[in-house]
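Trainee: Structure provided below as structure tokens; questions to follow.
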Amino acid sequence: MERIKLILHRRNLQVLGLFTIVGAFIMTFCSYTSPAYYFDTSPDNNAFFTVGKAMMHGIVPYKDIFEQKGPFVYFLHGLAYLVSPRSFTLIFLYEIATLVAAMFLVYQIAKVFNTRELPALLTGLLSPALFLYHPYYDYGDTVEFFTLPFLLSLIYLIVLLDRRHLTVSHWWYVAQGALVGVVFLSKYTLLGAWIVFYLVLMGYRLVKRQWRALGQLVGWSALGFAVTTVPWLIYFLATKSLGAFVNVYILFNTKVYLTSSVAFFANLIQSMALVSQFYLSNVLFFVLGVVGTLVVTFWPGVFQHNFTRGLYLLATLGSDMLALYGYQAGAVYQYYELIYFAGFVLPFILGCRLLFRRLSVPAGDDSFVVLAALVISWFLVLGVNNNVTNSKVFPNNEAITEENTSRPQQPAQVDFGNYMRASGLPLTLLNYGSIDMGFYTASGAVPTSYYFQNYNIAQSADPQILRSQVDQIRQHKVEWVVLNTPAGKTVRQWQGGSGRITSGNLNPGTSKLAHVLYRNYVPVGRHTQVFEGVSVTYWLFERK
């Protein structure tokens, strides 16, 4: 009993407990995976969930079903499916854990720069506004958001290396190697900071002829990397899908999904331009990203050694550069840029340190100061993230229905899902022409076709995707078909736009499909709601 009391009185455990309460409260109103929302309508989240569900049914990603994120993403969502077959309960808990981890790492880094405990705690409490900035944090459940605490752990390691003369426990390198494996098999464009970190640190050890330190760096990091990657290698070999994994996750992503086909140097310049545009798009981003980085890099006392000062600067630049490498300005989704916010943390910590010194924050714990910080943190989050307006706090909001009624409504996904399950007919479904909007999730259907959805690429880049979906309808292989049109347009009228998915996740057109569709299927459901500012009508068709 005494041992339990001692553990509960540990400072870090108490701080974690406080951060967990704060994180759970904030994520309840900010993440669409929260039970406070009618349904998570994010296309990407539901695509991950659908592939994860398929995995749990023995369907092999890349080989039997097409999607281009990494296997760790699908495995996590597969576990979420096992926990709750038609909701994101586990993902919501993981989102809370991600925010708590980010807050705790901010607190730990702040303790290095603050001689007193309370300012570090307050800095951690105020940090959620950095990580939940809308629209960079949009629906939640993105690889970028989940990677933030990983990247913060690398920044923390660089700070410790600076303070400890480049000497840390080997477990730090094991952990970083493991994180590299996770990120590599989730979304490898987010690896920029680690690539630079290892190249620079290995180069330093090599030049200094520190062979033992170099061997430890490489060996322990390789061990961590193997722990998180070898099991997947075994899985792909056992399912004879390694070739499919390489073709889809590596080759398709680099040759088709990336929007630029110019040479390496041109892509690098293009990426630099995108990063610059981001920092110049907002006064806060400029202050934290440009001015703040200059302060961190050159202000005496922040870093004690020039090597670690340069290592930090190059690692953050590497992260920013690779995150959008190969993309053109018009094809960048803003949630891609959430990873940039990790570079705001050190300037934010230094700014808070200066503020708390001027405010003469008490030396010891002060419950009133902590409570005030909690309230201010909540208001800051509300100021940068308005997701709550689409939650159950605002019944029948436009994201749920455009029907003018006081009767409680559900989004199209839930309505259609309930109808399909109640019919007693087979739950075989095709989401035609757009990214998975959650109809597989809400209905419980397991995809039966390789191309279970469409993707954010031009039809000309891979015409096989829609061609395969049309064949599914022509041969009436599925019981149900879901598609969308702009509000006010029928399936026969919607001619589409430029041969690719457009705003509102609208498919490339349905008018050419209409003859085949109506010959084999009959419409049984229609529902209009707003998605990303576009009024969209969803249609449910049942096989004749």
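The values are calculated or read from the model by the stated rules, or taken from the named source; none is laboratory data. Fair warning: this is a prediction, and the values are worked out from it, not measured in the lab. Neighbour counts are summed over all protein chains in view; Cβ atoms, including those assigned to glycine, are modelled from backbone coordinates with ideal geometry. These accessible areas exclude ligands, DNA and RNA; they are computed on the full protein's heavy atoms, side chains included. Shrake-Rupley method; radii C 1.70, N 1.55, O 1.52, S 1.80 Å.
Trainee: Could you look through the range 19-38, keep only residues that are of a type outside the set (Val, Ile, Thr) and over 13 Å from Val388 (Cα atoms), and pick out the one that is surrounded by the most Cβ atoms within 10 Å (Cβ to Cβ)? Walk me through how you get there before you give the answer.
Mentor: Taking the range 19-38 first, the residues of a type outside the set (Val, Ile, Thr) are 19, 23-25, 27, 29-32, 34-38.
Then keep just the ones that are over 13 Å from Val388 (Cα atoms); that gives 19, 23-24.
Values: Phe19: 24, Gly23: 22, Ala24: 17.
Restricting to residues being of a type outside the set (Val, Ile, Thr) and over 13 Å from Val388 (Cα atoms), the top hit is Phe19.
Trainee: Go through the range 497-510 and give me each residue that's open to solvent by 20 Å² or more (accessible area, probe 1.4 Å) and not in a loop (DSSP other than H, G, I, E, B).
Mentor: Result: Thr502, Ser503.
Trainee: Then there is this: Considering each of Tyr538, Tyr521 in turn, give the residue that is under 27 Å from the mean Cα position of the chain (by Cα), buried (at least 16 other Cβ atoms within 10 Å of the Cβ), closer than 16 Å to Met420 by Cβ and not β-branched (Val, Ile, Thr). Spell out the reasoning first.
Mentor: Values: Tyr521 fails: under 27 Å from the mean Cα position of the chain (by Cα).
Matching residue, one of Tyr538, Tyr521: Tyr538.
Trainee: Further question: Which ones in the range 418-452 are over 23 Å from the mean Cα position of the chain (by Cα), buried (at least 21 other Cβ atoms within 10 Å of the Cβ) and under 18 Å from Tyr37 (Cα atoms)?
Mentor: Once the filter is applied, which keeps residues that are over 23 Å from the mean Cα position of the chain (by Cα), buried (at least 21 other Cβ atoms within 10 Å of the Cβ) and under 18 Å from Tyr37 (Cα atoms), the range 418-452 yields only Ser443.
Trainee: Do we find that Glu479 is among the charged types (D, E, K, R), in contact (Cβ under 8 Å) with a residue 12 or more places away in the chain and touching a Gly at 6+ places or on another chain (Cβ under 6 Å) in this structure? Explain how you work it out, then say what you get.
Mentor: Details: among the charged types (D, E, K, R): yes; in contact (Cβ under 8 Å) with a residue 12 or more places away in the chain: yes; touching a Gly at 6+ places or on another chain (Cβ under 6 Å): no.
So Glu479 fails the test.
Trainee: Checking the conditions here, which among Phe356, Phe348, Phe344 is in a helix (DSSP H, G or I) and either modelled with pLDDT under 95 or over 24 Å from the mean Cα position of the chain (by Cα) (or both)?
Mentor: Values: Phe348 fails: either modelled with pLDDT under 95 or over 24 Å from the mean Cα position of the chain (by Cα) (or both); Phe344 fails: either modelled with pLDDT under 95 or over 24 Å from the mean Cα position of the chain (by Cα) (or both).
On inspection, the qualifying residue turns out to be Phe356.
Trainee: Looking at (1) touching a residue at least 24 places away in the same chain (Cβ under 8 Å); (2) out of contact with any Asp or Glu (no Cβ under 9 Å at 6 or more places or on another chain), which is the only condition Ala422 fails?
Mentor: (1)
Trainee: OK, next. When residues of the range 99-148 are filtered for being open to solvent by less than 10 Å² (accessible area, probe 1.4 Å), over 20 Å from Ser367 (Cβ atoms) and free of Cβ contacts under 8 Å to residues at least 60 places away in the same chain, how many remain?
Mentor: Total meeting the criteria: 1.
Trainee: May I ask you to say which residue of Phe265, Phe278 is among the aromatic types (Phe, Trp, Tyr), in contact (Cβ under 8 Å) with a residue 40 or more places away in the chain and assigned to a helix (DSSP H, G or I)? Outline the logic, then answer.
Mentor: Numbers: Phe265 fails: in contact (Cβ under 8 Å) with a residue 40 or more places away in the chain.
Checking each option against the conditions leaves just Phe278.
Trainee: Return yes when Gly318 is touching a residue at least 40 places away in the same chain (Cβ under 8 Å) and either within 25 Å of Glu144 (Cα to Cα) or within 28 Å of the chain's Cα centre (by Cα) (or both) and no when it is not.
Mentor: Values: touching a residue at least 40 places away in the same chain (Cβ under 8 Å): yes; either within 25 Å of Glu144 (Cα to Cα) or within 28 Å of the chain's Cα centre (by Cα) (or both): yes.
Against the criterion (touching a residue at least 40 places away in the same chain (Cβ under 8 Å) and either within 25 Å of Glu144 (Cα to Cα) or within 28 Å of the chain's Cα centre (by Cα) (or both)), Gly318 qualifies.
Trainee: Determine whether the range 62-81 contains at least one residue that is more than 16 Å from the chain's Cα centre (by Cα), buried (at least 18 other Cβ atoms within 10 Å of the Cβ) and β-branched (Val, Ile, Thr).
Mentor: Yes, the range 62-81 has at least one match.
Trainee: Now for a different question. Which residue is modelled with the lowest pLDDT, if the candidates are limited to the range 453-476 and must be part of a loop (DSSP other than H, G, I, E, B) and touching a strand residue (DSSP E or B) at 6+ places or on another chain (Cβ under 6 Å)? First the steps, then the outcome.
Mentor: So in the range 453-476, the residues part of a loop (DSSP other than H, G, I, E, B) come out as 453-458, 462-463, 475-476.
Now narrow it down to the ones that are touching a strand residue (DSSP E or B) at 6+ places or on another chain (Cβ under 6 Å): 453, 476.
Numbers: Gln453: 96, His476: 91.
Going through the qualifying residues, I end up with His476.
Trainee: May I pose another question? What number of residues within the range 401-417 satisfy the criterion of being touching a residue at least 12 places away in the same chain (Cβ under 8 Å) and loosely packed, with under 15 Cβ neighbours inside 10 Å? Can you show your working first?
Mentor: Going through the range 401-417, the residues touching a residue at least 12 places away in the same chain (Cβ under 8 Å) turn out to be 401-403, 408-417.
When the remaining residues are screened for being loosely packed, with under 15 Cβ neighbours inside 10 Å, the result is 403, 408.
The qualifying residues number 2.
Trainee: Please enumerate the residues belonging to the range 165-216 that are surrounded by 14 or more Cβ atoms within 10 Å (Cβ to Cβ), hydroxyl-bearing (Ser, Thr, Tyr) and closer than 18 Å to Phe307 by Cβ.
Mentor: Listed by number, the residues that qualify are Tyr173, Tyr198, Tyr204.
Trainee: Can you tell me which residues in the range 348-369 are open to solvent by less than 20 Å² (accessible area, probe 1.4 Å) and not β-branched (Val, Ile, Thr)? So that I can check it myself, show each step before the final result.
Mentor: We begin by selecting, within the range 348-369, every residue open to solvent by less than 20 Å² (accessible area, probe 1.4 Å); these are 349, 352, 356, 361.
The answer is Cys352, Phe356.
Trainee: Is it the case, given these coordinates, that Thr50 is touching a Ser or Thr at 6+ places or on another chain (Cβ under 9 Å), crowded, with 23+ Cβ neighbours inside 10 Å, at pLDDT 95 or above and of a type in the set (Val, Ile, Thr)? Write out each step before concluding.
Mentor: Details: touching a Ser or Thr at 6+ places or on another chain (Cβ under 9 Å): yes; crowded, with 23+ Cβ neighbours inside 10 Å: yes; at pLDDT 95 or above: yes; of a type in the set (Val, Ile, Thr): yes.
Criteria met by Thr50.
Trainee: When residues of the range 322-347 are filtered for being surrounded by fewer than 20 Cβ atoms within 10 Å (Cβ to Cβ) and touching a Leu at 6+ places or on another chain (Cβ under 8 Å), how many remain?
Mentor: 3
Trainee: Can I ask one more? Is it the case that the range 296-313 has a residue that's over 25 Å from Val200 (Cβ atoms), in contact with a helix residue (DSSP H, G or I) (Cβ under 7 Å, 6 or more places away or on another chain) and either hydrophobic (A, V, I, L, M, F, W, C) or open to solvent by less than 10 Å² (accessible area, probe 1.4 Å) (or both)? Outline the logic, then answer.
Mentor: Start the filter on the range 296-313 by keeping residues that are over 25 Å from Val200 (Cβ atoms), which leaves none.
Within the range 296-313, none of the residues are over 25 Å from Val200 (Cβ atoms), in contact with a helix residue (DSSP H, G or I) (Cβ under 7 Å, 6 or more places away or on another chain) and either hydrophobic (A, V, I, L, M, F, W, C) or open to solvent by less than 10 Å² (accessible area, probe 1.4 Å) (or both).
Trainee: Going by the structure shown, is Gly289 within 30 Å of Ile250 (Cβ to Cβ) and either modelled with pLDDT under 95 or in a helix (DSSP H, G or I) (or both)?
Mentor: On the way: within 30 Å of Ile250 (Cβ to Cβ): no; either modelled with pLDDT under 95 or in a helix (DSSP H, G or I) (or both): yes.
No; evaluated as a whole, the condition is false for this residue.
Trainee: Related question: Could you figure out which of (1) within 22 Å of Ser443 (Cα to Cα); (2) at pLDDT below 95; (3) of a type outside the set (Gly, Ala, Ser) isn't true of Glu532?
Mentor: (1)
Trainee: Please state which one of Val361, Val370, Val384 is closer than 30 Å to Tyr37 by Cα, over 22 Å from the mean Cα position of the chain (by Cα) and among the β-branched types (Val, Ile, Thr). Lay out the reasoning, then the answer.
Mentor: Values: Val361 fails: closer than 30 Å to Tyr37 by Cα; Val384 fails: over 22 Å from the mean Cα position of the chain (by Cα).
After ruling out the rest, the residue left standing is Val370.
Trainee: Test Leu513 against the stated conditions and say whether it is surrounded by 14 or more Cβ atoms within 10 Å (Cβ to Cβ), out of contact with any Pro (no Cβ under 8 Å at 6 or more places or on another chain) and farther than 25 Å from Ile400 by Cα. If you could, list the steps in order and put the result at the bottom.
Mentor: Numbers: surrounded by 14 or more Cβ atoms within 10 Å (Cβ to Cβ): yes; out of contact with any Pro (no Cβ under 8 Å at 6 or more places or on another chain): yes; farther than 25 Å from Ile400 by Cα: yes.
Spelling it out, Leu513 is indeed surrounded by 14 or more Cβ atoms within 10 Å (Cβ to Cβ), out of contact with any Pro (no Cβ under 8 Å at 6 or more places or on another chain) and farther than 25 Å from Ile400 by Cα.
Trainee: Look at Gln176 and say whether it is over 24 Å from Val73 (Cβ atoms) and in contact (Cβ under 8 Å) with a residue 40 or more places away in the chain. So that I can check it myself, show each step before the final result.
Mentor: Working: over 24 Å from Val73 (Cβ atoms): no; in contact (Cβ under 8 Å) with a residue 40 or more places away in the chain: yes.
Taking the combined requirement at face value, the residue does not satisfy it.
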